[in-house]
1. Is it the case, given these coordinates, that R38 is within 25 Å of T225 (Cβ to Cβ), part of a strand (DSSP E or B) and either without any contact (Cβ under 8 Å) to a residue 24 or more places away in the chain or more than 26 Å from the chain's Cα centre (by Cα) (or both)?
2. Filter the stretch 144-189 down to the residues that are open to solvent by less than 30 Å² (accessible area, probe 1.4 Å) and part of a strand (DSSP E or B), then identify the one that is farthest from E297 (Cα to Cα).
3. Report the residue count in the stretch 310-336 for those that are open to solvent by 30 Å² or more (accessible area, probe 1.4 Å) and not basic (K, R).
4. Please state which of the following conditions Q62 fails to meet, knowing it meets all the rest: (1) in contact with a strand residue (DSSP E or B) (Cβ under 8 Å, 6 or more places away or on another chain); (2) open to solvent by 70 Å² or more (accessible area, probe 1.4 Å).
5. What is the one condition in (1) open to solvent by 20 Å² or more (accessible area, probe 1.4 Å); (2) in a loop (DSSP other than H, G, I, E, B); (3) not small (G, A, S) that M194 does not satisfy?
6. Testing I220 on (1) open to solvent by less than 10 Å² (accessible area, probe 1.4 Å); (2) at positive phi, one condition comes back false. Which one is that?
7. From (1) in a helix (DSSP H, G or I); (2) in contact (Cβ under 8 Å) with a residue 60 or more places away in the chain, pick out the condition that doesn't hold for A248.
8. Just to check your reading of the model, which residue among Y95, Y132, Y126 is of a type in the set (F, W, Y), surrounded by fewer than 20 Cβ atoms within 10 Å (Cβ to Cβ) and either modelled with pLDDT of 95 or more or within 30 Å of N54 (Cα to Cα) (or both)?
Amino acid sequence: MALLNDILNLDLTGITDKITAEYIWIGGSGMDLRSKARTLNGPVTSPEELPKWNYDGSSTDQAPGTDSEVILYPQAIFKDPFRRGNNILVMCDAYTPAGEPIPTNHRFKAAEIFSHPAVVAEVPWYGIEQEYTLLQKSVKWPYGWPVGGFPGPQGPYYCGIGADKAYGRNIVDAHYKACLYSGINISGINGEVMPAQWEFQVGPAVGISAADQVWVARYILERITEIEGVVVSFDPKPIAGDWNGAGAHTNYSTQSMREDGGFEVIKKAIEKLGLRHKEHISAYGQGNERRLTGRHETADIHTFSWGVANRGASVRVGRDTQKDGKGYFEDRRPASNMDPYIVTSMIAETTILWKP
């Protein structure tokens with residue numbers, strides 16, 4: 001093992017100018033991240049410098065076996081915390097050989113929305129709170145929990161410390177550092193209400209960049225848990241009963257909301273979100289009905305509500321925003337397994353482009 005680690009940690013600086021580019025894409029389920037590597041002449045500073053590539057879409061449930069080639073378009077690059085040096089991670093989206101986005105390519109539509117002049121002018125900012133649960137690999141039961149049993153009830157675990165309250169902190173801290181190394185604007189981490197559940201926050205980030213960063217942060221997390229032999233779950237309610245679910249609360253503001261008088265703009269935006277509540281809920285993640293029950297700091301999935309400092313509402317406005325008369329709001333409805341391309345662009349479309 002020591003020899004293998006020595007080889008894995010070989011420093012190729014000064015040995016070769018070639019780099020490794022790890023191409024990342026989203027598979028057919030909408031949550032299964034895939035990746036493969038290729039050697040390129042480096043260094044690379046922009047996705048436009050990278051070649052398109054292809055993969056077997058019949059093996060990812062994205063193309064038939066008789067016409068299986070899917071083309072990867074590089075869209076964003078990040079430093080690779082695993083190989084380090086000039087090596088990079090490349091976030092891609094997927095197209096047919098004819099250049100049409102495949103049905104599961106939600107980035108393409110998001111890019112159209114974020115490139116609309118009215119959206120560009122509003123400079124939409126996002127801060128996404130990604131919750132997740134660590135599971136034991138062999139039994140798919142929360143990490144640190146007694147197999148087939150339960151820890152003590154919720155209460156001491158949120159932002160808790162200690163071996164009996166914080167399960168998997170080394171994984172979480174490794175992920176934190178790896179994201180910072182990669183250039184992801186990760187703004188914090190914390191332990192969540194259910195033990196073995198954690199959260200990281202990405203943002204503020206503008207437009208589609210926020211979604212790219214969340215996807216790559218998810219990728220890095222899955223790679224780290226792979227090394228540790230632990231499974232990461234983005235299920236919105238991994239354990240039934242009196243346990244909190246997992247969400248991806250999405251904080252949002254526009255230029256108009258951040259300026260004086262912005263609170264009135266915020267209230268009008270929230271009103272629009274309420275009018276399209278069912279449409280948003282249908283796009284905010286699978287299994288969300290198991291989480292949005294009106295309990296455990298959630299609003300009921302069938303009812304739209306908002307309030308100041310109210311974590312039991314669909315949309316929460318911070319007290320500072322109310323006090324300052326400008327700022328941002330938090331959409332608390334998205335599930336932990338939401339697609340950030342869909343959620344971020346849908347919020348922008350509803351609040352900026354949609355006319356009731």
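1. Numbers: within 25 Å of T225 (Cβ to Cβ): yes; part of a strand (DSSP E or B): yes; either without any contact (Cβ under 8 Å) to a residue 24 or more places away in the chain or more than 26 Å from the chain's Cα centre (by Cα) (or both): yes.
So R38 fits the description; yes.
2. So the residue we want is I186.
3. Counting residues in the stretch 310-336 that are open to solvent by 30 Å² or more (accessible area, probe 1.4 Å) and not basic (K, R) gives 6.
4. Every condition holds for Q62 apart from (2).
5. The number of the failed condition is (1).
6. Single failed check for I220: (2).
7. Single failed check for A248: (1).
8. Numbers: Y132 fails: surrounded by fewer than 20 Cβ atoms within 10 Å (Cβ to Cβ); Y126 fails: surrounded by fewer than 20 Cβ atoms within 10 Å (Cβ to Cβ).
None of the others qualify; the one that does is Y95.
The values are calculated or read from the model by the stated rules, or taken from the named source; none is laboratory data. None of these values were measured; they are calculated from a predicted model. Please note: Cβ atoms are built from the backbone with ideal geometry, for glycine as well, and neighbour counts cover all protein chains shown. Heads up: the accessible areas ignore ligands, DNA and RNA and are worked out on the full protein's heavy atoms, side chains in. Shrake-Rupley method; radii C 1.70, N 1.55, O 1.52, S 1.80 Å.
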